[in-house]
Amino acid sequence: MTQTATQTQPWSRSLSQPATEFGPTPLKLLSGKIPTGLRGMLYRNGTGRLQRGTEAVGHWFDGDGAILQVNFTDQGASGTYRYVKTQGYLAEAEAGEYLYGNYGMRHPGPVWQHWLGLLNHTAIKNSANTSVLALSDRLLALWEAGNPHALDLETLETLGREDLGWLKDGQPFSAHPLRDPQSGEIYSIGVDSAFTLHLYRCDRDGRLLKKSAIALKDNPLVHSFVLAGPYLVFFISPVKVELLSLLLNTKAYADALQWLPERGTRVIVVDRESLTPLAENETDPWFQWHFGNGCLDPDGTIRCDLARFEDFTSTNEFLREVPTGKIQTPSYSHLWQIRLDPQTGRVISNQPVVERNCEFPVVSPADIGQPWTSTYIAMHRPGIQAGEDLFGALGRFDYATGELTEADLGENRYVTEPIYAADAEMRDRGWLLTVVYDSQADRSELWVFDAQHLSDQPVCQIALPSVVPPSFHGTWQPAI
Ligand SMILES: [Fe+2]
């Protein structure tokens, strides 16, 4: 990749204009056949617009959340795409300009307005743009620094801010809750402005069963965590925030974060029933946004995997540059596997298993917290080593064989996080769904792969009616 400094990259058109809402729209099948065992809904959340009036966002994380739904029925596939109509979105749409601070944007008003915002939880706009959680009667659009927003599962109409019956105004509920596949219980977290890590155990509908809290000292960033058998595991990377700059509104949040590798990574093992910390330890420094999975192995050790960056600064800069269409800061993460002792939190081994630039590790929802074999990833196409590009391939790493199987989508095609959908008819069979942007055709498509045969051609390719910008996270909700 050599065009970074001056030219926009091929995928930049997918982000250069606010995305258009659509649906419900019947979707055209471009190739193949929709598997008869693939029935249900795919939901994805990401930034639908990265500009307002003449102003651009400061960071990819600042864009307004928009949800893509693709519904697979016996009649075919249909799609719906809607913005999450948060209070901030509606106010800014009416004003035609940005009114709030954000992760990468300082509050645009006088400092007293910023202080007022700190008091009423509007200093940083809740963009509702990161992930989704499907409950039985509503869809939650998740954003890690505040309350979720509820949407209608069918129409994607925004129903309003969601407190689940127990969240306080502004109380964070992370974008990476984990659902135990056996009990259906939901585990989530949230880091508040006092650097307290809140832990929540909820029933399958989000009602609170148990909560606890852990002091993080001055660390504000815990994006996700691990469910491993009877444990929750946290790896707290050494990132600190300059509080004074935030308070005085002299820096945006993303600019006030500091990487302090000399502190190392803090490891905390928690009992998942009582949410009580059991062990704490330290290990070498790294940064991760995402874990693939975790489990308690028969030998009594915890095993987990993650997309590991060697520092925070490069990934933060990379993500800041994406909306400009010109990435100048290379950022690399590889898939690593960690083993640790649950009694002490001591890391026993920590090694790369896929030494290719990759992110968004996911597993089958049935494997969450359980011993598992396959971790799926988004990754660079073969031969592309540069860390300045978006991903163009999917991978499946098999821990039983140590083999990586790849789906290379071809030049000028870009993937999003893969989503695993279990087949409704055949046990142990599943499909891998990814939203693809074809920069040559300037078109978004949904591709479905056989998860066990990723290197085969996709089983079907489906056209979306208009461009859907690359999104962050999603979920699969099987038809009942
Ligand atoms: Fe994430």
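The values are calculated or read from the model by the stated rules, or taken from the named source; none is laboratory data. Computed from a predicted model, the values in this text were never measured in an experiment. Every residue, glycine among them, receives a Cβ derived from its backbone with ideal geometry; neighbour counts consider all protein chains shown. Side chains included, ligands, DNA and RNA excluded: accessible areas come from the protein's heavy atoms. Shrake-Rupley method; radii C 1.70, N 1.55, O 1.52, S 1.80 Å.
Please report, in whole Å³, the volume per residue of the convex hull around the C-alpha atoms of the chain. Mind dumping the intermediate values first?
Working: hull volume 65.0 nm³, N = 480.
Dividing the Cα hull volume of the chain by its residues yields 135 Å³.
What is the magnitude of the charge dipole of segment 67-216 about its Cα centre, with +1 placed on the Cβ of each Lys and Arg, -1 on the Cβ of each Asp and Glu, and no other charges, expressed in debye to the nearest 20?
On the way: 13 positive and 17 negative charges, 89 e Å.
Charge dipole, segment 67-216, about its Cα centre: 420 debye, nearest 20.
If I model a spin label as a point 7 Å beyond the Cα along the Cα-Cβ vector, how far apart are those points for D180 and A400 in nm?
The two pseudo-label positions are separated by 2.6 nm.
Provide the gained length on full extension for the span A215 to E310, in nm with one decimal, where the gain is 0.36 nm per separating residue minus the Cα-Cα distance. Display every interim value, and only then the final one.
Details: separation 95, 0.36 × 95 = 34.20 nm, distance 2.47 nm.
Net length gain for the segment: 31.7 nm.
Evaluate 2.2 N^0.38 Å with N set to the residue count of segment 369-480, then give the Cα radius of gyration divided by it.
Values: Rg = 14.2 Å, N = 112, 2.2 N^0.38 = 13.2 Å.
Ratio of Cα Rg to 2.2 N^0.38 Å: 1.07.
Within segment 6-39, find all residues whose amide N lies under 13 Å from a label point positioned 7 Å from the Cα of Q51 along Cα-to-beta-carbon.
Hits in segment 6-39 for Q51 at 13 Å: 12-19.
From the residues G53, T375, S136, which one has its Cα farthest along the dipole of the chain in the positive direction, the dipole being from +1 and -1 charges on Cβ of Lys/Arg and Asp/Glu about the Cα centre?
Positive-end residue among those listed: G53.
May I ask for the Rg/Rh ratio of segment 84-147, computed from Cα atoms with Rh as the Kirkwood radius, given to two decimals? Please report the intermediate quantities before stating the final value.
Details: Rg = 13.0 Å, Rh = 12.7 Å.
With Rh from the inverse mean 1/r over Cα pairs, Rg/Rh is 1.02.
Which percent of the accessible heavy-atom area of the chain goes to carbon and sulfur, probe 1.4 angstrom?
On the way: 9430 of 18880 Å².
Roughly 50 percent of what the probe reaches on the chain is carbon or sulfur.
Identify all lysines with a Cα-Cα distance to K217 below 20 Å; exclude those on the same chain that are fewer than 8 residues away in sequence.
K240
Quick check: residue separation of D456 and Q328 times 0.36 nm, minus the Cα distance between them. What number comes out in nm?
Numbers: separation 128, 0.36 × 128 = 46.08 nm, distance 3.36 nm.
Taking 0.36 nm per residue and subtracting the Cα distance, the gain is 42.7 nm.
Which one of T158, A422, S364 is farthest out on the positive end of the charge dipole of the chain, using unit charges on Cβ (Lys, Arg +1; Asp, Glu -1) and the Cα centre as origin?
T158
Along the principal axes of its C-alpha atoms, what lengths does segment 240-290 span, in descending order and rounded to whole Å?
The principal-axis extents, from largest down, are 41, 25, 20 Å.
Run lengths n ≥ 4 of DSSP H only: what is the helix-derived mean residue ellipticity at 222 nm for the chain, with -39500 (n - 2.57) per run over all residues, to the nearest 500? The partial results should precede the final answer.
Details: 4 runs with 33 residues, N = 480.
Rounded to the nearest 500, it is -2000 deg cm²/dmol.
In the chain, if the dipole is taken from +1 on Lys/Arg beta carbons and -1 on Asp/Glu beta carbons about the Cα centre, which of L260, P110, P35 is farthest to the positive end?
P110
What size of dipole, in debye to the nearest 20, comes out for the chain about its Cα centre when the only charges are +1 on Lys and Arg C-beta atoms and -1 on Asp and Glu C-beta atoms? Walk me through the numbers before you get to the answer.
Numbers: 39 positive and 57 negative charges, 111 e Å.
It comes to approximately 540 debye.
Give the span of segment 200-244's Cα atoms along each principal axis, as three whole-Å numbers ordered largest to smallest.
Rounded to whole Å, the extents work out to 39, 22, 15 Å.
Which FRET efficiency value, to the nearest 0.05, do you get for S193 and I348 by plugging their Cβ-Cβ distance into 1/(1 + (r/R0)^6) with R0 = 35 Å? Before the final figure, lay out the partial values.
Details: r = 35 Å, r/R0 = 1.01.
That gives a FRET efficiency of 0.50.
Please list I377, I384, I480 in order of solvent-accessible area, largest first, computed with a 1.4 Å probe with all protein chains present. The partial results should precede the final answer.
Details: I377 0, I384 55, I480 215 Å².
Descending accessible area places them as I480, I384, I377.
Please give the charge dipole size of segment 219-328, origin at the Cα centre, charges +1 on K and R Cβ atoms and -1 on D and E Cβ atoms. Round to the nearest 20 debye.
Numbers: 9 positive and 15 negative charges, 74 e Å.
Roughly 360 debye for segment 219-328.
Could you name the lysines whose alpha carbon sits less than 20 Å from that of K125, not counting residues in the same chain fewer than 8 places away?
K85, K168, K251
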